[in-house]
1. At 0.36 nm per residue, and after removing the present C-alpha to C-alpha distance, how many nm does the segment from Asp89 to Asn30 gain when stretched out fully?
2. Greater than 30 Å separation of Cα atoms is the criterion. Which listed pairs, Lys116/Lys178; Lys128/Lys178; Lys97/Lys178; Lys9/Lys46; Lys9/Lys116, meet it?
3. Count the DSSP beta bridges whose two residues both fall in the chain, then state the antiparallel fraction as a percent rounded to the nearest 5.
4. Find the relative contact order for region 9-72 and round it to a whole percent, using C-alpha pairs within less than 8 Å whose residues are 6+ positions apart.
5. I'd like the Karplus ³J(HN,Hα) series for region 128-134: coefficients 6.51, -1.76, 1.60, θ = phi - 60°, whole numbers in Hz, and an x wherever there's a Gly or Pro.
6. When Rg is the radius of gyration of the Cα atoms in the chain and Rh is its Kirkwood radius, what does Rg/Rh come to?
7. Can you give me the long-range amide H partners of Arg122? Hydrogens built in the peptide plane at 1.01 Å from N, cutoff under 5 Å, separation of 5 or more residues or another chain.
8. Between Gln120 and Ala64, what length comes free when the chain is fully extended (0.36 nm per residue of separation minus the Cα-Cα distance, one decimal in nm)?
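Derivation of every value follows stated rules applied to the coordinates shown; laboratory data play no part. Keep in mind the model is a prediction, meaning the values are calculated, not measured. So basically every Cβ, Gly included, is an ideal-geometry build from the backbone, and we count neighbours across all protein chains shown.
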Amino acid sequence: MPDNYRLSKGILIDEDTLQDRIEVLGGQINHDYAGMTGLLLVCVLKGGVLFLTDLMRRIHVPHAIDFMAVSSYGVGQRETSGVVRIDMDLRQSIEGKHLLIVEDIVDTGTTLNYLKGLLQSRQPASIKICALLNKPSRRVADIHIDYIGFDIPDVFVYGYGLDLDELYRNLPYVAIAK
Ligand code: PRP
């Protein structure tokens with residue numbers, strides 16, 4: 001059981017399962033981007049940060065990283081507000097770059113749909129999306145995800161970058177909230 005067991009119904013994805021899957025995703029990305037230059041991993045804060053740091057250690061294609069902070073849920077809210085706010089933008093031009101957006105979770109798809117459109121307007125060479133968790137049953141926006149770690153049911157999850165009222169992002173596993 002998680003150390004915060006009073007808040008949790010248990011572990012959905014344990015640490016070994018997460019790491020094994022990230023290894024596979026890294027292998028797929030290495031294969032798909034082999035020999036390419038200008039790869040830029042765009043991590044969507046805050047939730048994507050643990051996934052980024054583990055994923056990038058498995059990517060052997062030369063790449064840079066950058067960060068965007070986006071929010072669609074407020075503190076204490078477990079449903080998207082449907083409104084995407086850019087809290088922090090990239091610090092560089094992405095024209096001609098191969099972008100790989102790294103997200104912790106795709107729920108309604110509202111966030112990534114907006115983000116992809118915004119970044120596309122800046123004329124990168126390509127944009128792909130890598131999401132650790134996917135909730136297909138919740139999808140509202142029609143968004144293609146190129147690399148998916150795990151499809152999960154419609155349960156509220158936290159840990160491994162995802163928060164429970166801004167806490168527990170540090171957990172090395174994904175847990176289900178009560
Ligand atoms: C979460 C997650 C995605 C978004 C997914 O971010 O990291 O960005 O919600 O939801 P959607 O597909 O319904 O748009 P959140 O707003 O909770 O911010 P955080 O990553 O800083 O916790």
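1. 18.6 nm
2. On the way: Lys116/Lys178 32 Å; Lys128/Lys178 33 Å; Lys97/Lys178 42 Å; Lys9/Lys46 24 Å; Lys9/Lys116 34 Å.
In this structure, Lys116/Lys178; Lys128/Lys178; Lys97/Lys178; Lys9/Lys116 exceed 30 Å between Cα atoms.
3. Numbers: 11 of 35 bridges.
Around 30 percent antiparallel, to the nearest 5.
4. Across region 9-72, relative contact order equals 40 percent.
5. These are the phi-based 3J(HN,Hα) values: 10, 10, 10, 10, 5, 10, 9 Hz.
6. Taking Rg over the Kirkwood Rh, I get 0.95.
7. Under 5 Å from the amide H of Arg122 lies no amide H from a residue far enough along the sequence or on another chain.
8. Gain in length upon complete extension: 18.3 nm.
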